[in-house]
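Take a look at the structure set out below.
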Amino acid sequence: MMPPFSLARRDPATQSEGTVAGYAQTFQRWPAQPLVRRPQTRAELTGPANLARRLGAVRGDLAGYGDRRAIGQLIKVRARIVDEDGVPVSGALVEVWHCNAAGKYIHPNDTHDAPADPNFYGAARMVAGDSGLVELRTIKPAAYPVPDTAGWWRPPHIHFSVWGRVWLSRLVTQMFFPGEPLNESDAILNAIRDPEARRRCIAELAPTTKGTQDALVYEYQIVVRGRGASPKL
Ligand SMILES: [Fe+2]
């Protein structure tokens, strides 16, 4: 019988696990020794709470308006945060970050020779409403090459971090876009062995009649735990 406060074991089919050919960082990061399960304590699982108050939400708009509009295809991402039973996780703190429409992050480690966009910062923080929904208005990120990998390009993607009630209940994952050829060869997406689990990482394009007509709408669901949990990426 499982102790009451242990984490579920990682599912090697639906979660990225171990070392992955062509993904050099996994050889540096994945432990050489067998993993040891350390049950989380009651104190760890009950606080600190009120994360949204401590961190503060930032409006979910990275695209800007008028002469401060970021360059790129305007999109809206409607992401729903749910638990293993499909119940909305209202109050979840959701952070996103992604590169600009030229494939450049605002980060000192980004050495890609692509231009920065002065109107694009690239990170937002939102709080899920009662329906578990957050809506991000932004521009579609571009693909970018991964340094020192002899030709690996990341497909367009958006990084997501979801916090539940406490600091330790955090899921970090990535949202991909449908129909992108680079999805087929991406070492990070394809480190997930189960095709259905990979499919759940890819957003769906809503009908173009949906929304305000000035932006494509992508719908995406993040499952925070259980057999259908979003992969940790
Ligand atoms: Fe990225």
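Here, each number is a calculation from the coordinates, and none is a lab measurement. Just so it is clear, the model here is predicted, and its values are computed rather than measured. Backbone-built Cβ (ideal geometry, glycine too); neighbour counts: all protein chains shown.
Computed quantities for the displayed model
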read-out	value
Cα gyration tensor of segment 43-133 - equivalent ellipsoid semi-axes, whole Å, descending	30, 16, 13
Local net charge near Ala143, Cβ-Cβ under 11 Å (Lys/Arg +1, Asp/Glu -1)	0
Charge dipole (the chain, unit charges on Cβ, about Cα centre) - positive-most of Thr46, Pro31, Leu93	Thr46
Per principal axis, descending, Cα span of segment 166-233 in whole Å	38, 34, 18
Descending principal axes extents, the chain, alpha-carbon based, whole Å	58, 44, 34
Nearby lysines by direct alpha-carbon distance to Lys104 (threshold 17 angstrom, same-chain neighbours under 8 apart not counted)	Lys140
Environment charge of Asp194, counting only residues whose C-beta is closer than 10 Å and scoring Lys/Arg +1, Asp/Glu -1	+2
Length-normalised contact order of segment 19-146 in % [C-alpha pairs under 8 Å, at least 6 apart]	32 percent
For the chain, built as a Gaussian network whose Cα springs stay under 10 Å, the top-fluctuating residue of Ala128, Ala49, Ala142	Ala49
Per-residue HN-Hα couplings for segment 220-225 [Karplus 6.51, -1.76, 1.60; θ = phi - 60°; Hz; x = Gly/Pro]	8, 10, 10, 9, 7, 6
Histogram of C-alpha separations across segment 100-233, 5 Å bin width, %	2, 8, 17, 21, 21, 18, 10, 3, 0, 0
